[in-house]
Amino acid sequence: MKENKGKNADFTGTWHIYEMELWDEDYFNMDVQAYIKIKPDNLGSFQFGLICGEIDGKIVDYVEGTRFEFTWEGNDECDPVSGFGWVRIRKNDELEGEFRLHLGDSSTFFSKESRGIKSGF
């Protein structure tokens, strides 16, 4: 594993979450269309269901490929929560990843590059 200090525009953008392992679409799209947003400075935001937060990440190179790994903090129905996550590129316009809630659930997810999606942040 090696941290990539450079910026990687491949991850930058707003990505619409269309599938989650643990939660169905009725939940993860209940408040806004579920998304993860990654900015060029490796900061960002996300929301799925009633869980939303801010992310702080970095690009990490592995033998099997590059991932954007991040810590996050936010809230779940006004209760403070935090955790860890990662994404990697499956195709040019698609990511797969995982959200982990500290001392709680974890779920893999799939997302596609979004254009014109309204998000909470």
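The numbers here are math on the coordinates, done by the rules we state, and not lab data. All figures in this text were calculated on a predicted structure; none of them were measured in a lab. Virtual Cβ from ideal backbone geometry, glycine too; neighbours counted across all protein chains shown.
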task: Would you mind telling me which residue in Asn75, Asn92, Asn42 has the biggest mean-square fluctuation in a Gaussian network model of the chain, where springs connect alpha carbons within a distance under 10 angstrom?
output: Asn92
- prompt: Stretched out fully, how many nm does the piece from Lys39 to Glu113 gain, at 0.36 nm a residue minus the Cα gap?
  reply: 25.3 nm
- prompt: Spin-label point model (7 Å from Cα, Cβ direction): what's the Tyr62 to Asp105 distance in nm?
  reply: 2.3
field: Karplus 3J(HN,Hα) series, Hz, for segment 35-46 with 6.51 cos²θ - 1.76 cosθ + 1.60 (x for Gly, Pro)
entry: 7, 9, 10, 10, 9, x, 8, 6, 9, x, 8, 7
query: Between Met30 and Asp10, what length in nm is gained on full extension when 0.36 nm per residue of separation is reduced by their alpha carbon distance?
result: 4.4 nm
query: So which residue, out of Lys37, Lys58, Lys91, gets the largest mean-square fluctuation from a GNM of the chain using Cα contacts under 10 Å as springs?
result: Lys91
- prompt: Points 7 angstrom from Cα along the Cβ direction at Asp79 and Glu21: gap in nanometres?
  reply: 2.2
